[in-house]
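Below is one structure; the comments refer to it alone.
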Amino acid sequence: MGWKDIARHPFWSLLHGAVMSAAGLVITVLAHDQFWLLAGAISGFLVVAPVLATSLYAMSRANERQEKVDGALLITTWTRWQLNSRQDPGGYWSLIRFGLLLALAATGWVLTSSALITLAASQPVHSPMDFIRFVVLAPEGYLFEIWLAVGGLMAAPIFASSVISMPLLLDKRVTVLQAVMTSWKAVITHPTILAFWAFLIMGFATLGLMSLFLGLVFVIPMLGHASWHAYKDLVDTRHLPDRLSSEVL
């Protein structure tokens, strides 16, 4: 279903992937000689991906409602934050608040990852080969295993909190707390399915990263659109008030 949405609007969908790919390349250029920072920055970049895919959700939502999908939809989704609705707990600012929470979580992981590698590695890590030699294949200790375990412990609650939240906040008038609790309920109710979904997301994202970010041009829109359809299949939102298009646009 994600690919079908891409086929309906290939330019706008793939444009998202191209922007994300370019952002990944910029991060790599800025931190190319400090791989201890790059490893955390790239994985932290993936943490905020649910926020960056917001306009992909908006495109899928518009398709379902048979509304027009064009540049105006994307621009207004990102720029019209309903500043006069900040005091409304179910207002559009709830998306901004949740996005800031994910950005804070991503920053926390970047700092944690960087500190762990810098302090525990036997030698300074400046390149991918240094990372493999002194972290992945460290002759003594279990630095890489610890790094993965810490990342998993931080990623699991973030995934459980965000897998449903952003599409739900875009679609319905709910608070951040309601969205997060609904996301957790979906994970607890369908743990095996959503664990497999998380595995697919990480697998496709890894392929995109290993292709020097070029694969992200296709992976990001596919996962973004697919996440919208996963949300619609997982959660019964008929009892929740709709967020009208005029509120978002």
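Worth pointing out:
- Restricting attention to segment 51-73, the residues being open to solvent by 20 Å² or more (accessible area, probe 1.4 Å) and assigned to a helix (DSSP H, G or I) number 5.
- Residue pairs meeting the criteria (Cβ under 7 Å; at least 6 apart or on separate chains; first modelled with pLDDT of 80 or more, in segment 132-144; second of a type in the set (S, T, N, Q) and buried (at least 16 other Cβ atoms within 10 Å of the Cβ)): none
- For the residues Val176, Val187, the requirement of being touching a helix residue (DSSP H, G or I) at 6+ places or on another chain (Cβ under 7 Å), within 17 Å of Tyr231 (Cα to Cα) and at pLDDT 90 or above singles out Val187.
- Residues located in segment 10-35, provided they are within 16 Å of Ala53 (Cβ to Cβ) and open to solvent by 40 Å² or more (accessible area, probe 1.4 Å): Trp12, Leu14, Leu15, Ala18, Val19, Ala22
- Segment 206-228 - residue that is surrounded by fewer than 17 Cβ atoms within 10 Å (Cβ to Cβ) and within 22 Å of Ala7 (Cα to Cα) and, of those, farthest from the chain's Cα centre (by Cα): Leu214
- Condition check for Thr182: of a type outside the set (A, V, I, L, M, F, W, C), at negative phi and surrounded by fewer than 19 Cβ atoms within 10 Å (Cβ to Cβ): no
- Checklist (1) at pLDDT below 90; (2) more than 28 Å from Gly151 (Cα to Cα); (3) crowded, with 20+ Cβ neighbours inside 10 Å applied to Trp78, failing item: (3)
- Checked against the criteria, Ala156 counts as in a helix (DSSP H, G or I), modelled with pLDDT under 90 and surrounded by fewer than 19 Cβ atoms within 10 Å (Cβ to Cβ).
- Looking only at segment 142-182, residues that are under 16 Å from the mean Cα position of the chain (by Cα) and closer than 30 Å to Arg238 by Cβ come to 17 in all.
- Of all the residues in segment 112-150, those that are outside any helix (DSSP H, G or I), under 18 Å from Asp33 (Cβ atoms) and open to solvent by 70 Å² or more (accessible area, probe 1.4 Å) number 3.
- With respect to the conditions (1) at pLDDT 90 or above; (2) closer than 27 Å to Leu38 by Cβ; (3) not acidic (Asp, Glu), Ala195 falls short on a single one, namely (2).
The values are calculated or read from the model by the stated rules, or taken from the named source; none is laboratory data. Because the structure is predicted, anything quoted here is derived from the model rather than measured. Cβ atoms come from the backbone with ideal geometry, glycine included; neighbour counts cover every protein chain shown. The area values use the complete protein model at the heavy-atom level, side chains included, leaving out ligands, DNA and RNA. Shrake-Rupley method; radii C 1.70, N 1.55, O 1.52, S 1.80 Å.
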